Every structure is written in structure tokens, then in C-alpha cells.
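Asks: For reference, the structure I am asking about is given below.
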Amino acid sequence: MSLIHQALKKLDSSAGVAPKQGTGTTAVKSENRRKKVLFAVMVVAILLFGAVYLLKYIPETGTGPAQNLKTGSFETAVKAAGPGVEVKKERSKATVEAIFLYRAGKYKEAIKLFKAELKARPDDPVLHNNLGLVYFEDSQVELARKHFTRALSLKHDYAEAINNYGAVLASIGKSKEAIALYNKAIEIKPEFQPAYFNMAVEYEKNAKFTKARRLYEEYLKFETVKERNAVKKRIKELRATE
């Protein structure tokens, strides 16, 4: 039974009680009680009407974030720059095999091969970046951080390592620092796609939807974007929050 029905039933029962003859005080009390019940019915009716109006006529999207938009949930992870090979050096058999193992998700085996390569070339920034990348994918964040910073100490303008180090910082909640690194990677290498995507994801995690949307749009300008339709859909969802 609804609150209105309960109130109305109470009202009917009170109205059906006849005052005793010759007792004016009882009649006044009955009338006051009737007025109170009527007032309660009116309040309940107004509240219910207001609730129905809000549910029916207020749109899900508006000036604030959309209720159904899961911030930071687009894609399962940031885009780390894939393993590379120093242009001036030939690909060793071990490096080729390590990259193959990495792409196959066999991180432990890839780590062993990259570490063996590093013994022969300890100052190779690309190898440090590659090993850091595999550690990152294997959820060994501190070791990943160690090798990305080593790669950057050997090559300061290494956009891929800068991006990957940003991904590490983002994974441990250092959003501001991660965004700064993504920006730096783009300044060094404007055509570097992962940094645009990663920065968009980071802004989205921080509920800065307009900035995220604009970065996704920049990301779409590259012809080699694979998840074009998914990114377009996300841009549309983000526009609804502005």
C-alpha cells in the first residue's frame, strides 16, 4: 500500500468517527486531525510528483559527467611503446627472439633474453627500454621504472622511453607527472601516437573530459590508428559530458 493510500485510508477512518453529542471540544479536535492528514497527503503527493519528474524529464547527460561513463576504463591499459631496435646496430638473434616472446605474452622468457643482451651491451638505451617494457607488462613496476630511467639517462630525447616511463608513473597514481612526460614525448616526437592516447586516458581518469576528448581527436588524425571506431565512440560519449 502506497503512502498516499495509507494517508487516505487514515483520512477516511478519521472522517467516519462522529463526535459525541454536546462535546464541541471533540469536534474541534477531529477537524484539526482531518486538516493534518490532508496536509500530509498533499506533501506526499508533491514529493512523488517531483520524483517522477526528475526520473522522466531530466536527461542523463548535461553539464556534469554522464552517469554511465566509466572514467579511465577505455581500453584495458595505456599504450606503451613497443620494443625497438637501435638503428645503428644490427638485430641480434636474441633480440629478435625476445621481441617475439614479448609479443606472445611470454614475459619471463623475454626478460631472460633481454638481460643476457644487456650484459653484452650495458649502455644500450633501446635494450633498457625494451627490458623495462617487458617488466611493466609483467607487472614488475619498480624494475620497469629502473630500466626506463636508465634508458633516459643514456638518451635524454628518447620519446618511446619517456612515454613508457609516464605509463609507469600513471600506474602508481602519479597522474600529474605522467601527463608531463606524455607532453614531453610529443614535443620531441609530434607524430608519436601512444602519447596522445595515454594522455587522453589520464585526463579522462581525472574527469577532465574536454581535454581527453581533444586528445583522442588528435590521436585519430593518424592514419595507422587501429581502434578508430572505438575511439570515435568514446569521443561521442565524452562530448555528452560537456
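No value in this document is a laboratory result; all are computed from the given coordinates. Small disclaimer: the values here were computed from a predicted structure and weren't measured. Positions of Cβ are backbone-derived with ideal geometry, glycine not excepted, and every protein chain shown enters the neighbour counts.
Asks: Would you mind getting me the FRET efficiency between Asn183 and Glu137? Use the beta-carbon distance for r and R0 = 25 Å, nearest 0.05.
Replies: 0.60
Asks: Right, something else. Amide H of Lys106 versus every other amide H placed in the peptide plane: which residues, excluding those fewer than 5 positions away on the same chain, fall under 5 Å?
Replies: Under 5 Å from the amide H of Lys106 lies no amide H from a residue far enough along the sequence or on another chain.
Asks: Testing the spin-label approximation: label points 7 Å from Cα along Cα→Cβ at Lys115 and Asp157. State their distance in nm.
Replies: Computed distance between label sites Lys115 and Asp157 equals 3.4 nm.
Asks: As an exercise, identify the GluC sites (Glu not before Pro) in the stretch 84-187 lying in DSSP coil whose Cβ has no more than 13 other Cβ atoms within 10 Å. Walk me through the numbers before you get to the answer.
Replies: Working: sites: Glu86, Glu90, Glu97, Glu109, Glu117, Glu137, Glu142, Glu160, Glu177, Glu187; in loops: Glu86, Glu90.
Loop-located and lightly packed - Glu90.
Asks: Could I ask something else about it? Taking loop as defined by DSSP and a crowding limit of 13 other beta carbons within 10 Å, which trypsin sites (Lys or Arg not before Pro) in the stretch 193-242 fit? Can you show the working numbers first?
Replies: On the way: sites: Lys205, Lys208, Lys211, Arg213, Arg214, Lys221, Lys226, Arg228, Lys232, Lys233, Arg234, Lys236, Arg239; in loops: Lys208, Lys221, Lys226.
Filter output for the stretch 193-242: Lys221, Lys226.
Asks: Given the pairs Lys176/Lys208; Lys106/Lys176; Lys211/Lys233; Lys146/Lys174; Lys205/Lys233, which are separated by over 21 angstrom at their Cα positions? The partial results should precede the final answer.
Replies: Numbers: Lys176/Lys208 13 Å; Lys106/Lys176 32 Å; Lys211/Lys233 16 Å; Lys146/Lys174 16 Å; Lys205/Lys233 17 Å.
Pairs exceeding the cut-off: Lys106/Lys176.
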